[in-house]
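Structure, as structure tokens:
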Amino acid sequence: KAKQIAGNSHVFYETGMSAEASARSELEYDLSRALDRNEFFLEYQPIVCSETRMIKAFEALIRWRHPQKGVIAPDQFISIAEATGLILPIGNWVIRTACEEAMRWPSPIGVAVNVAGDQFRDPTFLPYVRDCLRQSGLAPERLTVEVTESIFSVDPSIISDSLTELRAEGVKIALDDFGIGFSSINNLRRFPLDHLKIDRSFTAAMLGSKRDAELVDIILKLGSTFDVSTTVEGVETEPQLEYARSRGANAIQGFLISRPVAAGDVSAILDRNRVHHAKA
Ligand code: C2E
Ligand code: MG
Ligand code: MG
Ligand code: MG
């Protein structure tokens, strides 16, 4: 009898599902097989010194080559991965691949990986990172873990301990998308951080109004107050770069410098960057 009810409700669920919900559950199913099918790859976007424009590091950004739908951006599937728990194996794949690929770049060029809250809270996370570093041979100082402030909202003391432990091994911590969501100045006091990345929505707005320009200025000052280096994300124009630089931003990331590129193109970008600066 229970089986019949379950069966009925299943039928109801299928036929009653909105087009959106059914597309999502299809994507969810495809996502569950994507890792085994080797459908993920990383692109890398340079992060440069605001003064010299020399490349300091690359941020690893995941993409999904869906067999029918083509390349899918992370905003379209990371939330599904988080909701289904798939973020743990996918996130592990990202860290391992980023460490291996960064090993082909000249030292001390670093690599930054985005890490979701669930990964960070997973007890196997730290040993896993250690293992990736050891197996790839990448110096821990070349790895940056990017987290958003949402991770601080659950178990802050556990998070703080993990951050401290990672840093003790040499890994750098960046607070990503700063200024949106759960932003709190207190987080800068409480948690050990190396970098502050100002969300690109501020960058887009900062030359449009005096208030938004001052806001970026204030966040950059906050960074220097708390002794963390600052990166302005989403820089698309020279005036944006110039403003960020003049207000003390340490680093710049954005389409003005380069879009995210395939792993195979990183060396060429590094060569061009070096040649450019040798000439200057
Ligand atoms: P994020 O970590 O803040 O990454 C920066 C995003 O801004 C990237 O989008 C990048 O392509 C985009 N971007 C960079 N410069 C510019 C610019 O000048 N203009 C504009 N309009 N956009 C720019 P992407 O690759 O689509 O990634 C979106 C978000 O997905 C990331 O934001 C990050 O939160 C998440 N994500 C990406 N890869 C991973 C991953 O491996 N794991 C996890 N958990 N999340 C990831
Ligand atoms: Mg990021
Ligand atoms: Mg960001
Ligand atoms: Mg973002």
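In the stretch 152-192, how many residues are out of contact with any Asp or Glu (no Cβ under 9 Å at 6 or more places or on another chain) and within 15 Å of ligand 4 (Cβ to nearest atom)?
0
What are the residues in the stretch 160-193 that are among the acidic types (Asp, Glu) and away from ligand 3 (no atom under 15 Å from the Cβ), if any?
First pass over the stretch 160-193, keeping only residues among the acidic types (Asp, Glu): 161, 165, 169, 176-177.
Matches in the stretch 160-193: Asp161, Glu165, Glu169.
Do you know which residues across the stretch 74-109 are closer than 30 Å to Arg274 by Cβ and within 13 Å of ligand 2 (Cβ to nearest atom)?
Selection gives Pro74, Val94, Ala98.
Please return the ranges of strands (runs of 3 or more DSSP E) entirely within the stretch 63-161 where 2 or more residues are surrounded by fewer than 18 Cβ atoms within 10 Å (Cβ to Cβ) and within 16 Å of ligand 1 (Cβ to nearest atom).
Here the list reads 70-72.
Could you give every pair whose Cβ atoms fall below 9 Å, whose first residue belongs to the stretch 112-126 and is on the phi > 0 side of the Ramachandran plot and within 11 Å of ligand 2 (Cβ to nearest atom), and whose second residue is modelled with pLDDT under 95 and assigned to a loop (DSSP other than H, G, I, E, B), counting only separations of at least 6 or pairs across chains?
If the second residue must be modelled with pLDDT under 95 and assigned to a loop (DSSP other than H, G, I, E, B), no pairs are left.
Just checking, which of Leu42, Leu31 is crowded, with 17+ Cβ neighbours inside 10 Å, without any contact (Cβ under 8 Å) to a residue 60 or more places away in the chain and in contact with a strand residue (DSSP E or B) (Cβ under 8 Å, 6 or more places away or on another chain)?
The conditions single out Leu31.
Answer yes or no: is there a residue in the stretch 239-247 that is away from ligand 1 (no atom under 16 Å from the Cβ) and of a type in the set (A, V, I, L, M).
No; the residues of the stretch 239-247 include none that is away from ligand 1 (no atom under 16 Å from the Cβ) and of a type in the set (A, V, I, L, M).
Can you tell me which residues in the stretch 14-28 are among the aliphatic types (A, V, I, L, M), part of a helix (DSSP H, G or I) and exposed (fewer than 14 other Cβ atoms within 10 Å of the Cβ)?
Ala19, Ala21, Ala23
Quick one: would you say Gly181 is in a loop (DSSP other than H, G, I, E, B), within 14 Å of ligand 2 (Cβ to nearest atom) and either open to solvent by less than 20 Å² (accessible area, probe 1.4 Å) or of a type outside the set (Phe, Trp, Tyr) (or both)?
So Gly181 passes the test.
For residues that are within 16 Å of ligand 2 (Cβ to nearest atom), within 16 Å of Ile109 (Cβ to Cβ) and open to solvent by less than 60 Å² (accessible area, probe 1.4 Å), tally how many sit in the stretch 162-177.
The qualifying residues number 2.
Each row is one residue, and each column tells you yes or no for (1) in contact with a helix residue (DSSP H, G or I) (Cβ under 6 Å, 6 or more places away or on another chain); (2) surrounded by fewer than 13 Cβ atoms within 10 Å (Cβ to Cβ); (3) over 25 Å from Phe41 (Cβ atoms); (4) in contact (Cβ under 8 Å) with a residue 60 or more places away in the chain.
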residue: Ala205; (1), (2), (3), (4): yes, no, yes, no
residue: Gly208; (1), (2), (3), (4): no, yes, yes, no
residue: Ala213; (1), (2), (3), (4): no, no, yes, no
residue: Val216; (1), (2), (3), (4): yes, no, yes, no
residue: Asp227; (1), (2), (3), (4): no, yes, yes, no
residue: Val232; (1), (2), (3), (4): yes, no, yes, yes
residue: Ala244; (1), (2), (3), (4): no, no, yes, yes
residue: Asn250; (1), (2), (3), (4): no, no, yes, yes
residue: Leu270; (1), (2), (3), (4): no, no, no, yes
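The values are calculated or read from the model by the stated rules, or taken from the named source; none is laboratory data. All values reported here derive from a predicted model rather than from experimental measurement. Virtual Cβ from ideal backbone geometry, glycine too; neighbours counted across all protein chains shown. Heads up: the accessible areas ignore ligands, DNA and RNA and are worked out on the full protein's heavy atoms, side chains in. Shrake-Rupley method; radii C 1.70, N 1.55, O 1.52, S 1.80 Å.
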